[in-house]
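Right, one structure below, let's go through it.
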Amino acid sequence: MRAMSRLVTAAASAAVAFHSGLAAAQHNLPPPVTPIAREIYDLHLLMLGICAVIFVGVFSVMFYSIYAHRKSVGHKAVQFHENTTVEIVWTIVPFFILIGMAWPATKTVLALKDSSNPDITIKATGYQWKWGYDYLKGEGEGLSLLSNLATPADQVYGRQPKGEHYLLEVDQNLVVPVGKRIRILLTAGDVIHAWWVPAFGVKQDAIPGFVRDAWFKAEKEGIYRGQCAELCGKDHGFMPIVVEVVSPEKYAAWVAGQKKKLASATEDAAKQWTLAELMARGEKAYRDTCIACHQASGAGIPNAFPSLVGSKVVLGSKDEQIKLVLHGRKGTFTKTSEMPPQATLSDTDIAAAITYTRNTWGNKAKDGVVQPADVKAAR
Amino acid sequence: MSAVTDRHGHHDDHAHYQGGIMRWITTTNHKDIGTLYLWFSGTMFLVGGILAMGIRAELFMPGLQVWNPEFFNQLTTMHGLIMVFGAIMPAFVGFANWQVPMMIGAPDMAFGRLNNWSFWLLPFAASLLIISFFVPGGATGAGWTLYAPLTVQMGPGMDLAIFALHIMGASSILGSINIITTILNMRAPGMTLMKMPLFPWTWLITAYLLIAVMPVLAGAVTMTLTDRHFGTSFFNAAGGGDPVMFQHIFWFFGHPEVYIMILPGFGIISAIIPAFARKPLFGYSSMVYATASIAILSFMVWAHHMFTVGMPAAGILFFMYATILIAVPTGVKVFNWLATMWQGSMTFETPMLWACGFIFVFTMGGFTGLILAIQPVDIQLQDTYYVVAHFHYVLVAGSLFAIFGGVYFWLPKWTGRMYDETLGKWHFWLSMIFFNITFFPMHFLGLAGMPRRIADYSLQFADYNMVASIGAFGFGLSQLIFFWVVLKCTVLAQGAKAPGNPWEGADTLEWTHLPSPPPYHSFETPPTVR
């Protein structure tokens, strides 16, 4: 009896928790923070409203008919089967309703396609499975960053509780100033991806070999999260987009900080590294990029991604491994997986990651230490 | 002519076919082949359904619990391919085989051996698809839309899918040639095209769509094949190709394909509603014109599936206007069905329940289609769960509900036995409720920003995904009732004997001129239509 009542209490509290969860769930587009997103938001509500009115009209007729014109209530069928006037009316009237929908939509289409006069132009490149950003023009020109999923695998596999921004957090946010027209040029390095930030009303496919553009002007500071919206392989669900919109002052400070980092990275590449330094840096670089396919254990996934443990490439000549990492390798009929080229990573990161693979998981390669200069020479 | 028919008359009441399995392998009889198509489709529906259960099991909770992401992608891809090419399309061809000759008063399909071959291609194609799960790298995980260049990264499973699509396309084209020839040449004397029931009409138009677009799909997947293995660069920018060209070619096939999967459903609904409203179909000729307009428009709207690839404004506006224009003929159809019900004397046996359910949910799918047609709104909804909700409203609640309605409507004719009315109603109500529990919340998920085809999702999507998964399991289990009902009428031979016309208001030739079940060869002497 007591077990029973405990079960009932548990079920009731679960139901309450679930209900409050649904109340918190979102039932409309996210709050817009750009003029375009606001137009889209209103357009969607307008469409929904028109559809709701038609829905109620049409189905009142249907359900009244189902209620009143039944054989069981003795209704006799009236044998009409044509009425030209009615048929013309219900062809013409929807036509005018559609024009009413198309008019505001056309204005929004023209506004959102107009990406002229940007303050800042940023190139976004989709990779399997991360985003790269290059600031091409405007304040911050010359900066580059790679943006990887920051959620640890332990959260995905349930070994750790999931954080607030589970799967919607990255190691380096894209930072832009508030109130400025930002033009995003989109392309991809491997397959088609799509850059989507709902609060901005921007979704644009990133197509390998082509450049497309989109633009936004965020009116409110804050952190806005989106995801890749085009199936791009196994980790399609694991390449979020995070845009941090900051005040112009903060943006200037961020740009200065990044510039300083860039300078020290150049220094990094010039110096001779010790094995311990490379291993520490390499573990991080491996975690950011290589882990998606080759896994934390280095063992890969059978029939999909090759193991690095005892691998001929990793234990072989370091020049060959550098070349492979830089330029990638195409799949073959039987070996379906493809090593994507990693040339976008810095010399230091590539050198460190290679050194890491040559000295972990029991691997003991002959010349285990790879210096950034080696990578630079191989480029 | 009449003397010849008379001499053969007493023979033809008897079935002449080989016993056992050879009857089915060698048959040229439209009823046998229709039956084969329908059982094949039912089997594929089960396979595709099991894959769907796999998808919903993974999405029950955030995190990866059941599958790894690459297998998840294989599940969504193969669920789509199997349901579209294995379940829905063959089911409608099965209906065409059974119903077109009987409804137009023809003795059989025009080309018997071709008919046999169009069916027997399918099991080979389906085997390729299923085998592909077991080759290195597994089945293709590039989505049923098979976008390049992701397809180039797939393993040999991709090649098997390409060959399967080639074979299924060939089967569809052969079947369509047969249907067109039968309808144009073999109608009973007096049955002019504009006196023909709407089901053959919708199939006539569908068959033309199939002949027009299946070669286009074959071309697209062949180019994928040569890009993969023979060094061509149709879809590779580095070699002068264009990945977006694949999408244009695919959707030039894909959008008419959508109507291929719904127009015969319109035909079935247009047969059921007058029968149970005891009143002729309202606006017959406008129904025919609306069907034809939808078919023609379907060739001019393909790029609305690609509103986010970055088209020029003029392109966007053209495809947006053309797309919303489809709402006009589609609206005409819905209004005509309502006017057929209006002032009728309706009863609600299972087929009528499915027909009413069809109108209700299909119209909801139509509304979300209209919302998606507005390009700026589509920017937010493209490739999200809103789209998943939309096309399941038109394909499950549209095509599949129409198929169920048609099966219940014609089972008494095909088998000579009444189906179990109580179980049929249970099947309808459970399907209707669980369908909406599964797919209605997906509208909210899409609006809130959940992309489709992801194996794991962030926490704000958790609640509705759980609701959708519970609905999906319920929907899946409800379909077992359907198979039980069909088994009872067929293999188990249970249920009351059906009269020639069990429906008071049904007035097409198969009900008025033929017993239930009809003889193996029917209408050897054509009936005369006034």
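Laboratory data are not the source of any read-out in this text; all were calculated from the coordinates shown. This structure is a prediction, so every number in the text was calculated from the model and none was measured. Counting neighbours? That spans all protein chains shown, and the Cβs are built from the backbone with ideal geometry, glycine included.
Overall, the protein assembly as shown carries a charge dipole of about 640 debye about its Cα centre when +1 sits on the Cβ of Lys and Arg and -1 on the Cβ of Asp and Glu, all other atoms neutral.
Legend: residue pairs A:Lys123/A:Lys250; A:Lys123/A:Lys259; A:Lys260/A:Lys323, Cα-Cα distance threshold 23 Å; pairs beyond threshold, A:Lys260/A:Lys323.
Peptide A:169-182 shows a mean partner chain C-beta count of 0 within 10 Å per residue C-beta. Past 18 Å, Cα to Cα, is the threshold; run B:Lys425/B:Lys488; A:Lys137/A:Lys220; B:Lys195/B:Lys279; B:Lys279/B:Lys333; A:Lys130/A:Lys271 against it and keep the listed order. Long pairs (Cα-Cα over 18 Å): A:Lys137/A:Lys220; A:Lys130/A:Lys271. When chain A is treated as a Gaussian network with alpha carbon springs shorter than 10 Å, the biggest mean-square fluctuation among A:Ala68, A:Ala352, A:Ala214 belongs to A:Ala68. At a Förster radius of 22 Å, what calculated FRET efficiency corresponds to the Cβ-Cβ distance of B:His229 and B:Ile131, to the nearest 0.05? Efficiency computed from Cβ-Cβ geometry: 0.75. For chain A, the longest principal axis of the C-alpha atoms and the axis of helix A:347-358 are separated by about 80°.
Determine ³J(HN,Hα), in whole Hz, for all residues of the stretch A:313-327 in sequence, where each value follows from phi through the Karplus function 6.51 cos²θ - 1.76 cosθ + 1.60 and θ = phi - 60°; x replaces Gly and Pro. Per-residue couplings from phi come out as 5, 5, 8, x, 6, 6, 4, 4, 5, 4, 4, 5, 5, 5, 9 Hz.
Only alpha carbons enter this Debye calculation for the protein assembly as shown, each as an equal point scatterer, and the log10 of I(q)/I(0) it gives at q = 0.05, 0.10 Å⁻¹ is -0.32, -1.15. Relative to the current alpha-carbon distance between A:Asp42 and A:Ala153, full extension at 0.36 nm per residue lengthens the span by 36.1 nm.
Normalised by the number of residues in the stretch B:347-444, the mean separation of alpha-carbon contacts (under 8 Å, six or more apart) gives a relative contact order of 43 percent. Taking 0.36 nm per residue of sequence separation and removing the Cα-Cα distance, the A:Glu221/A:Ala256 pair yields an extension gain of 10.7 nm. With a cut-off of 14 Å on the backbone N, the residues of the stretch B:98-132 near the modelled label site 7 Å out from B:Leu184 along Cα-Cβ are B:110-111. Each residue in B:Trp144, A:Trp196 was given a count of other beta-carbon atoms within 10 angstrom of its own, and listing them fewest first yields B:Trp144, A:Trp196.
Among the residues of B:70-80, the average count of other protein chain beta-carbon atoms within 10 Å of the residue beta-carbon is 2. To the nearest 10 degrees, how steeply does helix A:275-285 sit against the main Cα axis of chain A, on a 0 to 90 scale? With both axes taken from Cα atoms, the answer is about 10 degrees. Straight-distance candidates among the aspartates and glutamates for linking to A:Lys366, with alpha-carbon spacing under 14 Å and chain neighbours fewer than 8 residues away dropped: A:Asp319, A:Glu320.
Think of chain A as having a plus end and a minus end, set by charges on the Cβ of Lys, Arg, Asp and Glu; of A:Gly257, A:Trp196, A:Leu136, A:Trp196 sits farthest toward the positive end of this dipole.
Beta-bridge orientation, chain A: approximately 75 percent antiparallel, per DSSP, counting only bridges with both partners inside.
When each of the peptides A:103-114, B:162-173 is scored by the mean number of other C-beta atoms lying within 10 Å of its residues, the order from highest to lowest reads B:162-173, A:103-114. Counting only DSSP beta bridges whose two residues both lie in the protein assembly as shown, roughly 70 percent are antiparallel.
Neighbour counting of Cβ atoms within 10 Å sorts the residues A:His193, B:His427, fewest neighbours leading, into B:His427, A:His193.
Of all complete DSSP H helices in chain B, those with a Cα span along the helix axis of 27 Å or greater and a mean Kyte-Doolittle hydropathy of -1.0 or more are B:30-58, B:112-131, B:156-185, B:198-229, B:350-373, B:421-448, B:462-489. The helix-based estimate of mean residue ellipticity at 222 nm for chain B, built from -39,500 (n - 2.57) per DSSP H run of four or more residues and divided by its residue count, is -22000 deg cm²/dmol to the nearest 500. Computed over chain A with a Gaussian network model linking Cα atoms closer than 10 Å, the most mobile of A:Val61, A:Val325, A:Val245 is A:Val61. Shape analysis of the stretch A:25-140 based on the Cα gyration tensor places the equivalent ellipsoid semi-axes at 50, 19, 13 Å, largest first. Of the three principal axes defined by the Cα atoms of the stretch A:147-219, the extents in descending order read 41, 32, 18 Å. Whole-percent P(r), chain B, all Cα pairs, 20 Å bins from 0: 22, 57, 20, 1.
Per residue, the average separation of C-alpha pairs within less than 8 Å and at least 6 apart gives the stretch B:256-336 a relative contact order of 37 percent. With neighbours defined as other Cβ atoms within 10 Å of a residue's Cβ, the residues A:Leu43, B:Leu146 order from fewest to most as A:Leu43, B:Leu146. How high is the relative contact order of chain A, in percent, with contacts defined as C-alpha pairs under 8 Å that are six or more residues apart? Relative contact order comes out at 12 percent.
Peptide A:200-210 shows a mean partner chain C-beta count of 6 within 10 Å per residue C-beta. The coefficient of translational diffusion for the stretch B:83-162, derived via Stokes-Einstein from the alpha carbon Kirkwood radius under 10 °C and 1.306 mPa s, stands at 108 µm²/s.
Computed from label points 7 Å out along Cα-Cβ, the spacing between B:Trp426 and B:Tyr520 is 3.6 nm.
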